[in-house]
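Read through the structure below, which is laid out as structure tokens, and then see the notes.
Here, each number is a calculation from the coordinates, and none is a lab measurement. Computed from a predicted structure; not experimentally measured. Positions of Cβ are generated from backbone atoms using ideal geometry, with glycine treated the same way; all protein chains shown enter the neighbour counts.
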């Protein structure tokens, strides 16, 4: 790795793609975002209205027609064969619109689940689940977090999964299952406990594929985020009662859940960060426009108080976060997941914090309008604040970064 050239710039391959994605985001996706969200309150919140279906079909159809589809398939013979660094520039643009990622079939949690199916799934799984996911015909969810344990330490995951002849039987509860409220969600990749407490700590868990319509699955409630239910996507609290799935639904075999999780969560975490940087850019754009167009006390807002400093700091902090994100992406591209992990943890802390700060400053620049429905800033702030919990809270990632740093100076075992 020491001999590798660290190129973090925009490649020729991705330059044209980025321009085309950015154009479609600005001209076609952002103009319908608010209309799509307003439809949530029409009829059943947990279904897609005819207008929402029409909006999605038009956007996704247009993206397919233009060849702007499945960019996330990095390090793969399928898709564009982009590096993670190249994908970062596209994901940043997608982050600027609510429907941005879905328009190009690059939404979480589907991208991570598709990677799992592609890398670890059987031929039957690929035909039944991966194929329609790649076509954008269905959605999926990733069921890991549990209400009764501290799931930030995934070794605590305790959902029972017991072999019974040619089947596995699942019992337990999961919550914060993002996307499980969507009526198009047809499959869950689920973290379960198949081993005993006597087994090695990281060999007690497995990943298993569960159809969303399997008997015994009950959606108890949508978890609210800042009093919002995020319909129709949702973050559901679910109960599994004697849910039976075929034995060949397990991925790679018993005890290999952590191996799969590390392959899945790394890309998912950094994709969130890429999109967060796009949100920060949008917030800075809105802040600057407001500061020169709005006057108070006889002057443009830009000339009042510390607003020059606020705008300058935002630009510098975004640039720093982007460079850290690109380096983490480059580390992933080198193929050593262990070496890349602390870099992913660094950006997983840094990117949401920067984007939150810039978004908060933009809201302040807008006054009361900034916390209203008249800009995307309040909704964006809510999602970014939530991102500080998703895929591991800040404290867990800081712990990982510190452990790696301290190993340079001590042989003492870090507990």
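Details
- Peptides ranked, highest mean first, by Cβ atoms within 10 Å: ranges 294-304, 278-288, 246-256: 278-288, 246-256, 294-304
- C-alpha long axis of helix 84-94 to longest principal axis of the chain, angle in °: 60
- This ranking places 80, 409, 87 by how few other beta-carbon atoms lie within 10 Å of each, fewest first, which gives 409, 80, 87.
- Helix 257-293 axis, angle to the chain major axis (alpha carbon atoms, nearest 10°): 10
- R0 of 35 Å, Cβ-Cβ distance residue 15-residue 293: FRET efficiency to nearest 0.05: 0.65
- Percentage, to the nearest whole number, of Cα pairs in the stretch 12-106 over 20 Å apart: 37
- Exposure proxy order (Cβ contacts within 10 Å, fewest to most) of 161, 185: 185, 161
- Within the stretch 303-362, all pairs of alpha-carbon atoms sorted by distance into 5 Å bins from zero give the percentages 4, 19, 23, 17, 13, 10, 7, 4, 2, 1.
- Whole-number Å³ per residue for the convex hull built on Cα positions in the stretch 234-344: 166
- In this label model, residue 213 and residue 37 are separated by 3.3 nm, measuring between points 7 Å along each Cα→Cβ vector.
- Cα pair distances exceeding 21 angstrom across the stretch 258-406, given as percent: 48
- Answer label, with Cα extents along the principal axes in Å calculated from the coordinates and candidates (1) 63, 51, 34; (2) 117, 48, 34; (3) 78, 60, 41: (3)
- Remark: 146, 218 ranked as 218, 146, counting other beta-carbon atoms within 10 Å and listing the fewest first.
- Cα long-axis angle, helix 307-333 against the chain (0 to 90 degrees, to the nearest 10): 30
- Largest first, the three principal axis extents of the alpha carbons in the stretch 140-255 are 41, 28, 21 Å in whole numbers.
- Cα convex hull volume per residue for the stretch 350-415 (Å³): 84
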